[in-house]
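Q: Take a look at this one; I'll ask things after.
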Amino acid sequence: MIKILKYSFYDLMRSRWSYAYFVFYLLLGFVLLFLNNNLDKAIITLMNIIVILTPLIGTVFGVMYYYNSKEFTELLLAQPVKRSTIFLGQFIGLSVSLSLSLVLGLGIPFLFYGIMNSAIILNFITLIFVGAFLTFIFVALAYNIALSNENKIKGFGYAILMWLFMAVIYDGLFLISLLVFDDYPLDQFSLFATVFNPVDLSRILILLKLDISALMGYTGAVFKDFFGTIFGLIASFSMLMLWIIFPLLRIVRKASRKDF
Amino acid sequence: MIQIKDLHKTFGKVPVLKELNLTIKDSGIFAILGPNGSGKTTLIKSILGMVVPDKGEILIDGKSTKGQWEHRQKINYLPQIANFPSNLSVIEVIEMIKNIRNSKTRDGDLVELFKLQPFLNKKLANLSGGTRQKVNIILTFMFDDPILILDEPTTGLDPLSLIHLKSLIKEAKEKGKTILITSHIMQFVEEISDEIVFLLDGKIYFKGSVKLLKETYNEQDLEHAIAALLNVQYD
Amino acid sequence: MYRLILYIIGFLCPILSCFGQLTVCPECPINTVQSAVEKAEDGTHILIKKGVYLVNDLVIDKKIQIEGEPGAIIDGNEAGGIIIITSDSVHIRGLRIQNVGKSYIKDWAAIKLHKTKGFIIENNHFENVFFGIVVEKSKRGIIRNNTIHSVSESEHNSGNGIHLWHSKMIEIVGNNVSGQRDGIYLEFVDKSRIENNICSDNLRYGLHFMFSHEDEYINNTFMDNGAGVAVMFSKKIKMIRNTFIKNWGSSSYGLLLKEINDAEIKENLFEENTIGIHAEGTNRINYFNNNFVRNGWAVKVRGACFKNIFKQNNFLFNTFDISYQGNLNENQFDQNYWSSYTGYDLDKNGVGDIPYRPVKLFSYIVNRTPETIILLRSLFVDMINFSEKVSPIFTPDNLLDNNPMMREVR
């Protein structure tokens with residue numbers, strides 16, 4: 001496993017794309033801080049970007065890497081290596097390298113601006129942490145889609161659709177159902193609807209650090225009781241973990257049945 | 001010894017291998033022949049475990065290979081299409097496979113034999129088809145494992161390299177290895193193989209020595225014997 | 001002439017102690033506060049030495065001064081009220097007064113003043129009191145530098161720290177009130193000044209006005225209360241340089257305005273409140289130079305608000321800047337700084353070239369269905385906000401700040 005991971009990682013580190021991604025975040029961090037000159041505001045903008053962009057990048061890279069490393073995969077499949085090892089190794093290699101680009105790309109500019117001495121260091125860490133989680137989740141989901149679709153174009157299309165659904169359409173449906181059924185108690189429903197979409201869940205986890213007053217203040221006790229507690233925090237991160245684990249299980253299952 | 005029992009595989013709705021039974025004894029060169037789409041590559045990939053059979057069983061040295069990976073330690077495989085990660089160099093691929101298989105190699109001798117030194121640090125994407133096939137051959141022959149599976153090993157090779165390849169195959173045979181070869185070049189097959197397995201539409205139509213095949217169809221060379229076999233089948 | 005002599009005598013009295021001084025201590029001939037008060041005449045200065053003295057419903061009907069030395073403790077043993085003042089010009093200072101009884105029907109207090117003038121209550125420490133200081137129908141008194149603290153569990157069995165009723169011209173300065181129901185409560189109180197107080201961790205409001213007019217409160221801090229300040233049914237209140245901080249909870253706000261007219265709200269800081277200002281039925285109010293920082297809603301304007309002016313305020317990183325119901329109603333937003341303003345200033349005059357719309361569609365939606373807050377800052381919400389910004393359908397389209405500032409207003 002370590003060997004496969006090493007080679008995938010090595011392979012990615014040599015591709016231009018990881019650098020492009022790294023440089024993108026680096027620039028983004030500097031530009032944000034330069035324009036705002038205010039860590040607070042930069043973090044809010046950053047949140048919007050992380051919650052939307054890391055899933056997108058994870059999805060695109062996941063699909064792309066799967067199709068592009070087909071030769072590599074086939075070469076490995078003829079070697080005495082477990083199938084699940086090959087795919088999990090690739091998955092981890094890709095996710096780790098993307099997360100690393102994120103952490104370094106954003107970490108460096110914010111370090112320059114003295115995040116360490118700032119009160120919002122915790123917010124920043126949460127942000128990066130959630131970004132890394134989203135990367136892992138969406139790479140796993142994208143790998144699933146790619147494994148199930150031999151056709152590159154189709155796979156790519158489905159993957160983008162998946163992202164669009166999670167990032168935008170889901171929230172639209174969610175909002176509409178909240179508005180339509182606003183005569184009923186909606187606290188439980190909203191809680192569940194949030195927890196079942198990793199993008200929403202991540203957004204809420206970051207929001208709890210930023211806009212805590214509005215969220216805590218206005219809606220029912222359910223949110224407060226859930227997200228405001230250590231239990232809620234653990235439950236949320238467990239849910240994010242499940243969002244990684246289930247797609248991974250499917251990758252292993254799917255891969256063991258696939259012909260190459 | 002490789003035993004294949006009732007092997008069945010369909011891709012989509014097209015059956016590729018139909019209840020195939022085959023036993024390949026230790027040592028010797030076995031040529032798997034058949035027209036395009038007859039299931040040769042599928043058979044080979046099934047043995048390797050790259051293709052998952054719908055039904056049936058493959059035993060290597062008496063052990064089932066189903067869902068296993070350890071048996072690949074005994075097999076050196078030369079794929080039909082020499083696809084490699086394009087942004088790696090030749091030496092990196094060789095080192096990587098060595099690292100993964102973790103057994104004794106003689107890659108240095110082979111690189112010298114095929115005169116690949118000038119290409120070692122070139123990216124695989126930038127190599128010609130023939131050179132890539134040489135890399136392919138090196139990756140297969142640098143190990144010393146009991147089973148060799150060669151899928152169209154002659155593709156794109158120049159005459160000198162072909163001679164080297166033949167001598168490598170013969171050398172392997174002398175060491176008592178089991179060698180499975182598919183090829184379209186009958187002359188090559190005729191020259192090196194001990195036994196022929198003829199596949200058509202996912203079934204075995206002939207299994208025996210080259211001599212037996214020629215005698216059966218009363219032909220002077222293998223090519224015509226095969227043609228005759230095909231004719232009989234399609235009549 | 002007679003008056004002058006009186007003044008001179010009055011001035012010299014403390015020095016000469018011509019009206020006498022009584023000292024109370026556990027070993028003294030006078031060992032209870034009650035007997036000291038009984039023996040005292042107008043002008044007597046009672047000094048209470050270190051010790052614990054049980055006092056219940058002690059009525060002070062003479063113009064006396066009571067002063068406690070450090071360690072002098074008046075204890076009510078949770079049996080009822082402690083001191084009741086009915087005379088003018090009573091001074092009480094330096095005491096620790098503790099353990100007032102709780103009641104559901106009577107407002108028992110540590111010190112209750114009834115129909116008095118010219119009192120001074122200062123430098124006292126009140127601990128575990130039901131009501132701290134209750135002032136009824138009184139005038140021209142000073143409540144200064146006291147600390148009032150209790151541990152209250154629910155609104156119905158707790159009392160207010162400083163409670164004024166039907167009074168005038170009272171000064172409440174430099175007190176620290178915590179853990180009460182309302183920190184400071186004023187009902188029918190006019191022309192009074194509340195300055196430099198700190199009200200924190202009170203169950204209901206830090207400061208609460210009812211039917212009170214022409215009062216001002218300056219430089220106070222209201223922190224972690226159920227809600228910061230409530231001003232209701234009052235006129236001409238000045239609210240200047242106060243700090244409203246961390247008042248959050250499901251119906252919490254920094255400042256609640258209800259049915260009030262002609263108020264000045266200037267240079268205050270509203271930080272991390274669920275709602276900075278909640279205004280309902282307010283007319284002719286000037287909101288100038290306030291800072292709204294990281295509130296859930298900076299300002300929530302409900303119905304029936306006319307001619308309110310928001311000028312040169314800073315709105316910084318609030319989740320929602322303005323929530324609005326109904327029409328614009330001659331309310332004005334001008335020259336404010338909005339941290340979420342994304343316009344530009346090509347002519348470099350420090351004023352943004354395109355107007356700012358402080359009301360977002362999402363804020364409107366959340367008003368309708370509060371649960372939708374869970375979608376805050378999602379991409380979908382940003383998208384609908386944007387489309388609303390481009391062509392307003394649900395939000396008042398004339399609600400604009402035409403001169404949004406490019407930099408924070410200092």
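Q: Test of understanding: among C:LYS117, C:LYS112, which residue is within 20 Å of C:VAL177 (Cα to Cα) and of a type in the set (D, E, K, R)?
A: C:LYS112
Q: Continuing with the same structure: Mind listing whichever residues of segment A:149-171 are more than 20 Å from the chain's Cα centre (by Cα) and surrounded by 14 or more Cβ atoms within 10 Å (Cβ to Cβ)? Before you say what the answer is, go through the steps one by one.
A: Quick first cut of segment A:149-171, residues more than 20 Å from the chain's Cα centre (by Cα) only: A:149-154.
The answer is A:ASN149, A:LYS152.
Q: Another one. For the structure I just gave you, tell me whether B:GLU92 is surrounded by fewer than 18 Cβ atoms within 10 Å (Cβ to Cβ) and free of Cβ contacts under 8 Å to residues at least 60 places away in the same chain. Show your work before the answer.
A: Numbers: surrounded by fewer than 18 Cβ atoms within 10 Å (Cβ to Cβ): no; free of Cβ contacts under 8 Å to residues at least 60 places away in the same chain: yes.
No; evaluated as a whole, the condition is false for this residue.
Q: Also: Given B:SER64, B:SER46, which one is more than 20 Å from B:GLN133 (Cα to Cα), crowded, with 22+ Cβ neighbours inside 10 Å and not aromatic (Phe, Trp, Tyr)?
A: On the way: B:SER64 fails: crowded, with 22+ Cβ neighbours inside 10 Å.
Step by step, each of B:SER64, B:SER46 is checked, and only B:SER46 is more than 20 Å from B:GLN133 (Cα to Cα), crowded, with 22+ Cβ neighbours inside 10 Å and not aromatic (Phe, Trp, Tyr).
Q: Now, a different point. Could you tell me whether segment B:96-116 includes any residue that is aliphatic (A, V, I, L, M), within 10 Å of chain A (Cβ to nearest Cβ), at negative phi and in contact (Cβ under 8 Å) with a residue 12 or more places away in the chain? Full working, then the answer.
A: Residues of segment B:96-116 that are aliphatic (A, V, I, L, M), as a first pass: B:96-97, B:100, B:110-111, B:113, B:116.
Subsequent filtering for residues that are within 10 Å of chain A (Cβ to nearest Cβ) retains B:96-97, B:100.
Pick out the ones that are also at negative phi and you get B:96-97, B:100.
Those left that are additionally in contact (Cβ under 8 Å) with a residue 12 or more places away in the chain: B:97.
Within segment B:96-116 (the criterion being aliphatic (A, V, I, L, M), within 10 Å of chain A (Cβ to nearest Cβ), at negative phi and in contact (Cβ under 8 Å) with a residue 12 or more places away in the chain), the answer is yes, since at least one residue qualifies.
Q: Same structure again: Just give me the residues in segment A:1-39 being more than 22 Å from the chain's Cα centre (by Cα) and within 14 Å of chain C (Cβ to nearest Cβ), in sequence order.
A: Those that are more than 22 Å from the chain's Cα centre (by Cα) and within 14 Å of chain C (Cβ to nearest Cβ): A:LEU35, A:ASN36, A:ASN37, A:ASN38, A:LEU39.
Q: Mind listing just one residue for me: the one in segment C:305-321 that is surrounded by 24 or more Cβ atoms within 10 Å (Cβ to Cβ) and either in contact with a Cys (Cβ under 8 Å, 6 or more places away or on another chain) or not aromatic (Phe, Trp, Tyr) (or both) and, of those, nearest to the other protein chains (Cβ to nearest Cβ)? I'd like the intermediate steps shown before the answer.
A: Quick first cut of segment C:305-321, residues surrounded by 24 or more Cβ atoms within 10 Å (Cβ to Cβ) only: C:310, C:313, C:315, C:318-321.
Cutting the leftovers down to either in contact with a Cys (Cβ under 8 Å, 6 or more places away or on another chain) or not aromatic (Phe, Trp, Tyr) (or both) gives us C:313, C:318-319, C:321.
On the way: C:ASN313: 18, C:ASN318: 8, C:THR319: 4, C:ASP321: 12 Å.
Only one residue tops the list, namely C:THR319.
Q: Hey, another quick one. Within segment A:74-93, how many residues turn out to be within 14 Å of another protein chain (Cβ to nearest Cβ), surrounded by 19 or more Cβ atoms within 10 Å (Cβ to Cβ), assigned to a helix (DSSP H, G or I) and touching a residue at least 60 places away in the same chain (Cβ under 8 Å)?
A: 9
Q: For segment B:3-43, enumerate the residues that are in contact (Cβ under 8 Å) with a residue 24 or more places away in the chain, open to solvent by 70 Å² or more (accessible area, probe 1.4 Å) and within 28 Å of B:ALA172 (Cα to Cα).
A: Within segment B:3-43, B:LYS5, B:ASN21, B:LYS25, B:ASP26 qualify.
Q: If you don't mind, another one. I want to confirm something. Restricting to segment A:62-73 and keeping residues that are more than 10 Å from chain B (Cβ to nearest Cβ) and surrounded by 24 or more Cβ atoms within 10 Å (Cβ to Cβ), which single residue is farthest from A:LEU249 (Cα to Cα)?
A: Among them, the one singled out is A:TYR65.
Q: Then there's this: Can you pull out the strands (runs of 3 or more DSSP E) entirely within segment B:1-113 that have at least 1 residues that are more than 14 Å from the chain's Cα centre (by Cα) and farther than 28 Å from B:ALA125 by Cβ?
A: B:2-11, B:14-24, B:55-60
Q: What residue, of C:ILE265, C:ILE275, C:ILE285, C:ILE260, is closer than 18 Å to C:ASN331 by Cβ, touching a helix residue (DSSP H, G or I) at 6+ places or on another chain (Cβ under 9 Å) and crowded, with 17+ Cβ neighbours inside 10 Å?
A: C:ILE275
Q: Quick one: in segment A:183-242, of everything that is open to solvent by 70 Å² or more (accessible area, probe 1.4 Å) and in a loop (DSSP other than H, G, I, E, B), which residue is modelled with the highest pLDDT?
A: Going through the qualifying residues, I end up with A:PHE196.
Q: Identify, please: which residue in segment C:196-237 is open to solvent by 40 Å² or more (accessible area, probe 1.4 Å) and of a type in the set (Asp, Glu) and is, among those, modelled with the lowest pLDDT?
A: C:ASP224
Q: Exactly one of (1) within 14 Å of chain A (Cβ to nearest Cβ); (2) surrounded by fewer than 21 Cβ atoms within 10 Å (Cβ to Cβ); (3) not aliphatic (A, V, I, L, M) is unmet by C:ASN327. Its number?
A: So the condition that C:ASN327 fails would be (1).
Q: In segment C:278-304, how many are more than 14 Å from chain A (Cβ to nearest Cβ) and under 21 Å from C:PRO370 (Cβ atoms)?
A: The qualifying residues number 5.
Yes/no per residue for (1) on the phi < 0 side of the Ramachandran plot; (2) touching a residue at least 12 places away in the same chain (Cβ under 8 Å); (3) within 14 Å of chain A (Cβ to nearest Cβ); (4) surrounded by fewer than 14 Cβ atoms within 10 Å (Cβ to Cβ):
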site: C:PHE333; (1), (2), (3), (4): yes, yes, no, no
site: C:TRP338; (1), (2), (3), (4): yes, yes, yes, no
site: C:ASP347; (1), (2), (3), (4): yes, no, no, yes
site: C:GLY352; (1), (2), (3), (4): yes, yes, no, no
site: C:ILE374; (1), (2), (3), (4): yes, no, yes, no
site: C:VAL381; (1), (2), (3), (4): yes, yes, yes, no
site: C:ASP397; (1), (2), (3), (4): yes, no, no, yes
site: C:PRO404; (1), (2), (3), (4): yes, yes, no, no
site: C:ARG407; (1), (2), (3), (4): yes, yes, yes, yes
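Q: Return only the number of the condition from (1) at pLDDT below 90; (2) more than 17 Å from C:ILE133 (Cα to Cα) that C:GLN34 does not satisfy.
A: (1)
Q: In segment B:102-137, which residue that is more than 19 Å from B:PRO153 (Cβ to Cβ) and open to solvent by less than 50 Å² (accessible area, probe 1.4 Å) is modelled with the lowest pLDDT?
A: It comes out as B:SER103.
The values are calculated or read from the model by the stated rules, or taken from the named source; none is laboratory data. Predicted model, so just to flag it, every value in this text is computed and none were measured. With ideal geometry, Cβ positions are generated from the backbone for all residues, glycine too; neighbour counts draw on all protein chains shown. Please note that ligands, DNA and RNA were not included when accessible areas were found on the heavy atoms of the full protein model with its side chains. Shrake-Rupley method; radii C 1.70, N 1.55, O 1.52, S 1.80 Å.
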